[in-house]
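Engineer: Structure in structure tokens, see below.
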Amino acid sequence: MSQSNASQPVQETTEQREFRAQVAAWLEHNRPADPGFLLPQTFMEVGSEPVLEFLREWQHKVWSAGYLGMAWPKQYGGQGMAPDFQRIANEEMKRLQVPICFNVIGLGWAGPLILDIGSDYEKEKHLKGILNAEDIWCQGFSEPNHGSDLGSIQTRAERDGDDYIINGSKIWTTMGNYAKYMILLARTDPQAERRYNGLSFFLAPMHAEGISTQPIKKITGEYGFTETFFTDTRIPANCLMGEEGQGWRIAMKTLQYERGAEAGAAGGISMLSIVMDDVLRMAEEIEREGKPLLQDPITRDSLVKLLIEERALYLAEKRAEIPALCRDYPNSLPLSSKLRSTEFFRRMRQYALTLQGASGSLYVGDDHAIGGGFWQRAYLNNFSTTIGGGTSQVQANIVGEHILGLPKD
């Protein structure tokens with residue numbers, strides 16, 4: 001798969017162009033060989049020890065070369081450089097389709113949060129381990145039976161001297177069975193007048209006694225998610241981030257990072273870049289009645305519409321960087337980016353399967369599957385992106401309430 005021309009850079013300085021060439025050369029030279037097993041398309045499919053160790057080694061190598069956490073402070077394992085250099089490195093990783101940097105919850109959510117509001121102790125303890133892949137992070141927000149309704153969280157955290165005792169369970173904890181730490185949202189005050197005021201936020205160790213995980217098999221047949229159980233689990237009181245009762249505010253800030261509305265991520269790529277150029281290439285290879293499918297006028301019309309939408313997504317990212325073009329609805333583009341992008345890629349991948357006709361029903365492992373079943377796996381994997389970080393329905397509510405000013409009811 002390859003990156004679309006829509007995302008190619010423009011008007012770079014000489015220093016930036018030279019840096020891009022340097023990154024590309026390093027990636028070409030250091031790209032790992034095929035490990036002989038299926039690699040994840042996203043960070044949500046790390047389901048075996050061999051895959052984990054392969055990706056851990058790759059992330060450490062990228063960080064050691066200086067191409068991860070480039071904008072983070074040097075004292076915490078970063079490079080202290082301008083964010084544009086990390087953007088360039090990310091673009092080259094996408095273009096050359098190297099493996100993902102898998103520790104995404106640390107790199108993209110927990111790390112930026114700690115950098116932004118964490119104490120010096122928390123920064124010193126956690127940031128470097130996130131970058132070099134020593135410390136894997138997971139997220140403990142969603143719970144069984146509550147879905148995206150974080151205000152209804154039931155997991156309890158009771159203060160007992162120098163500890164908190166945790167009881168409850170979390171679900172969809174990506175890499176929970178491998179993680180060393182969890183960003184955990186738990187209820188410390190069940191009597192709070194407003195349910196949101198009774199929540200607190202923890203940087204919780206995952207190796208404490210009383211924590212167990214159960215892997216969840218996904219529709220693709222792969223693993224990557226777990227359900228996590230806490231039974232009288234003791235964690236140190238200094239794992240609390242901020243103050244008791246501030247959990248909701250901190251969680252909402254974390255979700256801003258997760259949904260792409262805040263900067264600060266360490267970099268790397270979290271998922272394989274699958275774009276319209278790849279769909280066009282497949283449409284050239286598939287034949288109907290002796291002619292490439294790409295020559296069919298109805299197919300071409302549908303493809304052009306998708307190409308326009310893909311280009312619009314790219315231009316929206318550029319527009320969001322120009323305040324004068326966003327005055328009518330400030331923050332509208334960042335707050336809506338997750339909804340727009342994940343739903344577009346779902347429809348794009350679904351259309352790619354439509355182009356395959358009857359072969360679209362085949363899957364990975366079938367000798368007759370087009371592209372080895374790549375598109376089928378990509379389509380099924382995309383559902384996790386339309387659910388994680390708030391479902392598309394929740395994202396639509398966010399747009400309605402926070403951008404358009406519509407009432408909650």
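Engineer: Give me the one-decimal nm value for the distance between modelled label points at Asn167 and Ser212, 7 Å along each residue's Cα-to-Cβ direction.
Structural biologist: Here the modelled spin labels are 1.6 nm apart.
Engineer: With an 8 Å Cα cut-off and a minimum separation of 6 or more residues, compute the relative contact order for the range 276-403 in percent.
Structural biologist: It rounds to 21 percent for the range 276-403.
Engineer: Okay, next question. Rounded to whole Å, give me the distance from the Cα center of the range 196-261 to that of the range 50-77.
Structural biologist: That distance is 23 Å.
Engineer: The list (1) 208; (2) 162; (3) 189 gives values of volume of the Cα convex hull per residue in Å³, and only one came from this structure; which label was calculated from it?
Structural biologist: (2)
Engineer: Pull up the cross-link candidates among the lysines for Lys128, meaning alpha carbon to alpha carbon under 18 Å and not fewer than 8 places away within one chain.
Structural biologist: Leaving aside lysines fewer than 8 places away in the same chain, those within reach of Lys128 are Lys61, Lys74, Lys180.
Engineer: Leu404 label point, 7 Å along Cα→Cβ, cut-off 20 Å on backbone N: hits in the range 326-346?
Structural biologist: Taking a point 7 Å out along Cα→Cβ of Leu404, the residues of the range 326-346 whose backbone N falls under 20 Å are 326-344.
Engineer: Ok, one more. For the pair Ala358/Arg195, report the inter-label distance in nm, with labels modelled 7 Å from Cα in the Cβ direction.
Structural biologist: Here the modelled spin labels are 5.1 nm apart.
Engineer: Express in nm, to one decimal, how much length is gained between Ile308 and Gln22 on full extension, taking 0.36 nm for each residue of separation and deducting their alpha carbon distance.
Structural biologist: Separation in residues times 0.36 nm, less the Cα-Cα distance, equals 99.8 nm.
Engineer: Now, a different point. Want the number for Asp232 to Phe37: 0.36 nm per residue separation, take away the alpha-carbon distance, what's left?
Structural biologist: Here the answer is 66.3 nm.
Engineer: Please sort through the DSSP H helices of the chain and keep those with an alpha-carbon extent of at least 18 Å along the long axis and a Kyte-Doolittle average not below -1.0.
Structural biologist: The qualifying helices are 49-64, 297-320, 332-355, 374-387.
Engineer: Using DSSP to define loop residues, name the GluC sites (Glu not before Pro) in the range 186-246 whose beta-carbon has at most 12 other beta-carbon atoms within 10 Å.
Structural biologist: Counting only loop positions with at most 12 other Cβ atoms within 10 Å, the GluC sites (Glu not before Pro) in the range 186-246 are Glu193, Glu209, Glu243.
Engineer: Which of Phe19, Phe383 comes first, and how do the rest follow, when ranked by fewest Cβ neighbours within 10 Å?
Structural biologist: Phe383, Phe19
Engineer: Assuming 0.36 nm per residue, please report the length gained on full extension of the stretch His146 to Glu15 beyond their Cα-Cα distance.
Structural biologist: Result for the pair: 42.2 nm of gain on full extension.
Engineer: Also: Quick query: amide H of Tyr164 versus all other amide H atoms, modeled in the peptide plane; which residues come in under 5 Å with a sequence gap of 5 or more or a different chain?
Structural biologist: Ile235, Ala237
Engineer: Tell me which aspartates and glutamates have Cα within less than 14 Å of Lys338's Cα, excluding those fewer than 8 residues away on the same chain?
Structural biologist: Those aspartates and glutamates meeting the cut-off are Glu258, Glu262, Glu310, Glu317.
No value in this document is a laboratory result; all are computed from the given coordinates. As the structure is a computational prediction, the values presented were derived from the model and not from experiment. A quick note on method: Cβ atoms are made from the backbone with ideal geometry, for glycine too, and the neighbour counts reach across all protein chains shown.
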